[in-house]
Structure formats: C-alpha cells, structure tokens
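The values are calculated or read from the model by the stated rules, or taken from the named source; none is laboratory data. What you see is a predicted model; the values in this text were computed from it and never measured. Because the Cβ atoms are built from the backbone with ideal geometry, glycine has one as well, and the counts that use them run over all protein chains shown.
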C-alpha cells in the first residue's frame, strides 16, 4: 500500500488544474436531443477513432469505441474524449448520431509515449472544461479509462458534482514487477491507481481475477463491479475455414498458428516464436506461423517487430512465417477463421480481447494463465491455459491442438458458444448502462435528501427547535 502521510506527486499536479465550484448534474442542453442524457468517456492516450494495431492502439481503443457506440444505441448521448496526436487529425469524429470522439489538445500535437504524458494532463482537464463551456453541456457521469484518465477524472470530481466510474485496462502493481526497467512515473501511477479505487463511485473490473488483484495489490476500499469486455458478434462469428483460407490465399493443408496484437515484449511474441520452433509441427507437420500487427519503424513497436523478425530468421522459421501487418476489422475475422489455433502469450492481460474475438470465430485459443485470460478461456473446453514464458509448455499445447482434429472441432463449437452467451458488446453496454443509471439515481436521491436538511431561513428556527428537542442519541443520529 502507498504511504498516506506524504503529499503525492498527483496532488501537486492537481494544483495546476481548474478548481471550479461544484455544480449539480444536468441533462445535456445540446439542441435537438434534450431527451438524451450526456455522458463522457475519457481515454487519454487510446483514441477510440484510431486505427487498431499500432503502438498505442489496441484493446483499450476497441473497448472505449465499442462501449460508446453500444451505449448510444441504448439511448445515451456519448462523448468520448482523447488526446490529439497530429494537427491533421479532425477534432471531432462522428461515429453515429449520438456518439462521437473529441480530440483535445494537451501538449504538442504529436505522438507522446504513455509514460511521458502525465505532465500534460492538467492541459487535458482544462481543454475538457473549455469544451464543456463552449458546448453548454455538463456530464453528470464520467467513465475514465487507464490511470492517466483516472487523474483527470479525479480533478473533475473535485470541482463538479459528477459520478465517477473507472476501468483500469492495466495495473501498475501487476505490470512493474515483470519489467526490466521501471519508469520514473511509476510511483505516481501507483498513487493514482489507489486513489481512483478509493474515491471513484465505482470501478469496473473486466474479470473476477482483476477484482482479486485490485483487492490484494491496490486497496481494500472502494466499490468494484465486474463487467467483462465484449466483441462484435455480428462481425466476429464462425466462418468456414476453407472459405477463409481461399479468400486469404492460404494453403488449405497448413497448420496455422495465429498471433494478433501489438509488437511489445510484454505480449510474449518471443515465447510463441520459440515454442513454434520447438514444436513437432515444425519438423513433421505443415506449420505456418502468422504474426499480425501494425508497427512504425521509428517507434518502439517497430524495433520490437524487427527483433522478432530476426529471431524468426535465427530459428529457421522464415519460410514458415507470415507478417501480414495491421489487419482491419473487415479482414481480421477471416484470419481468425483460417487459423487452427490463436495464441495469446502475454505476460499479463486484464482481459484479452483477442481471445474472445478468436473464440467468437470458432478458433481454439492457447493463452497465458494470467489475469483475465483465466476468466476468458475455459481450459479443455475453449482452449488451453499455459504458464507465461514457458516455451516447452507452449510447444506442447500447440502440438496438442494441431494433432487432435476431433478435439479441436469440439473446442471450436464451445468457444463460439461461450462468446455469444457472455461477451457481446450489447450485453456489456446493458450492464454498464444499468450501473450508470443506478449511480445517477443514487446521486439524485442523495441531493434530494440533502436538500431536505437545508431549510429556508423562515424554517430554520423551527428546525432548530425540533433538533434541540431530540435526545442526544437521536440528535447525533440525525447529524451523522
């Protein structure tokens, strides 16, 4: 736990942000949609309108975008706020009539790594408040995503009467023990991750395992509700493997092992590559390794991709490996359907969107036995769970699925059924919508109760007489 007696860096930064008087929550005054309640989703670095698969575009981007669009379909007016990273980006991206991404200027309009963004968050909060004033819209409920957005949410909570909801997406307390170099911002992140759990009206954990980590590693205080991530079951669904391979130009007899995600050492791609090199499928089968994900040669993900490509060469896998690059969501379902198995070898995942996308397409998943993946993947029913970074265990798991077609077919059926029953974005949005409505209703109830205890001047003397007439115990109860 954190030292509560010292003034944290997060508090010092808070002094730079606006400190307006608390305002009562009101419905959006935007013309034309008075019947819709406006809410804000904040995702500082993960732009909901970004291309998925690049260095800072992954599961969080998908989560915020899909949740926002699904909530809009349920009747909310959803504004999703992120940071502008290029002067060429449009300030507002309209996804539907009632859902949009708003890019705020905070720092230079260029890509800035997450670990260097905190210093610009006061500007982000100021830009958010200016946008509210310009639009004439107040957001009685704000759902923040990731610790940087949590800081912004805490500042807004301090100056406005809002209901604050938070989703972590990643936990510093879990991440830092597994990295070689801990960034300078680490202590600040840990402070804020504790503050948001204790001060938000509700934290949304995406799996029971994440909830357990929060209680063990962050704080025993604070309200947590478990609402999983989802996937677009209309887009990700079972497709004939033969049909998918024909469309992609892949050999129908290949034994395809698929990885989808960012190029990041923590994603465990090296483990997966070494496992494929050690597998029986490499020497006695028709192994084909597909490593899909976008990258930029000038950024860290580009350097990691180059390292993986060199490793593929060293392990004599070059002729059996494909790097198709960034895959759009239009073609991604075909790759899932074409694969014999999808691997998620991450060192840690709070949930694992790739796993449920693959399962929705009827593809068995081998995943690291960590975090939310233990909730997403049901071992022996929808795939297998393997210790992270255990090359031999990964090789054995890959061979097991590739060499047992009858069992693999059963896994495909169960995998698809599990996603349809538990992980649709519509279902996720319904649960979030219910949470939002309960919080807003409680807020209004609290406000009404408080107003009953704030008498007008003409009533004040009578109220005082009544309170004075109570016994000490009754008086204390009323005042508490």
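Please determine, by comparing only the residues of region 319-330 that are in contact with a helix residue (DSSP H, G or I) (Cβ under 9 Å, 6 or more places away or on another chain) and modelled with pLDDT of 95 or more, which one is nearest to residue 245 (Cα to Cα). Per the stated criteria, the residue is 324. Within region 221-246, the residues that satisfy the criterion of being farther than 30 Å from residue 430 by Cβ and loosely packed, with under 15 Cβ neighbours inside 10 Å are 240, 242, 243, 246. Beta carbons closer than 6 Å, at least 6 apart along the sequence or on distinct chains, pair a first residue in region 417-439 that is under 21 Å from residue 382 (Cβ atoms) with a second that is part of a strand (DSSP E or B) for 423/231. The residues of region 374-407 that are in a helix (DSSP H, G or I), touching a strand residue (DSSP E or B) at 6+ places or on another chain (Cβ under 9 Å) and modelled with pLDDT of 95 or more, listed by number, are 393, 394, 396, 397, 398, 400, 401, 402.
Quick check: anything in region 380-395 surrounded by fewer than 24 Cβ atoms within 10 Å (Cβ to Cβ) and under 24 Å from residue 425 (Cβ atoms)? Within region 380-395 (the criterion being surrounded by fewer than 24 Cβ atoms within 10 Å (Cβ to Cβ) and under 24 Å from residue 425 (Cβ atoms)), the answer is yes, since at least one residue qualifies.
Only strands (runs of 3 or more DSSP E) whose full extent lies in region 53-146 are considered here, and the ones with at least 3 residues that are in contact (Cβ under 8 Å) with a residue 12 or more places away in the chain, in contact with a helix residue (DSSP H, G or I) (Cβ under 7 Å, 6 or more places away or on another chain) and surrounded by 15 or more Cβ atoms within 10 Å (Cβ to Cβ) are 77-83, 99-104, 141-145. Exactly one residue among 358, 429 is closer than 30 Å to residue 201 by Cα, modelled with pLDDT of 95 or more, part of a helix (DSSP H, G or I) and not assigned by TED's automatic domain parsing to the domain that holds residue 201, and that residue is 429.
Checking region 177-190 against the condition returns a match, with at least one residue being buried (at least 24 other Cβ atoms within 10 Å of the Cβ), closer than 25 Å to residue 264 by Cβ and either over 21 Å from the mean Cα position of the chain (by Cα) or assigned by TED's automatic domain parsing to the domain that holds residue 41 (or both).
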